[in-house]
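K.L.:
Sharing a structure here in structure tokens format.
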Amino acid sequence: MSNKITRRLIPVISALSVAAFFLFAALWVNGNFPFPIALSIGIVLGTGTYLAMAKGSPRKA
């Protein structure tokens, strides 16, 4: 894989795994968690994980 693809692929996979794990934990382990709330929290956690791991363009001082 090229460096450009790898740079974007790792944060995306991490974000999807965090969101999927939260949905699994909220909906299957804790069976009475409302689906719309679990979905919105999963999306927010996945987006936050992506933004935390994605490397932005370097800023010039």
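K.L.:
Are any residues in segment 1-13 touching a residue at least 24 places away in the same chain (Cβ under 8 Å) and open to solvent by less than 100 Å² (accessible area, probe 1.4 Å), and if so, which ones?
P.N.:
ILE10, PRO11, VAL12 - these are the residues of segment 1-13 that are touching a residue at least 24 places away in the same chain (Cβ under 8 Å) and open to solvent by less than 100 Å² (accessible area, probe 1.4 Å).
K.L.:
Across segment 14-33, what is the number of residues that are over 11 Å from GLY46 (Cβ atoms), of a type outside the set (S, T, N, Q) and either open to solvent by 60 Å² or more (accessible area, probe 1.4 Å) or in contact with a strand residue (DSSP E or B) (Cβ under 6 Å, 6 or more places away or on another chain) (or both)?
P.N.:
So the count comes out to 5.
The values are calculated or read from the model by the stated rules, or taken from the named source; none is laboratory data. These figures come from a predicted structure and were not determined experimentally. Here Cβ is always computed from backbone atoms with ideal geometry, including for glycine, and neighbour counts include all displayed protein chains. Ligands, DNA and RNA are stripped out before the accessible areas are found, and what is left, the full protein with its side chains, is counted by its heavy atoms. Shrake-Rupley method; radii C 1.70, N 1.55, O 1.52, S 1.80 Å.
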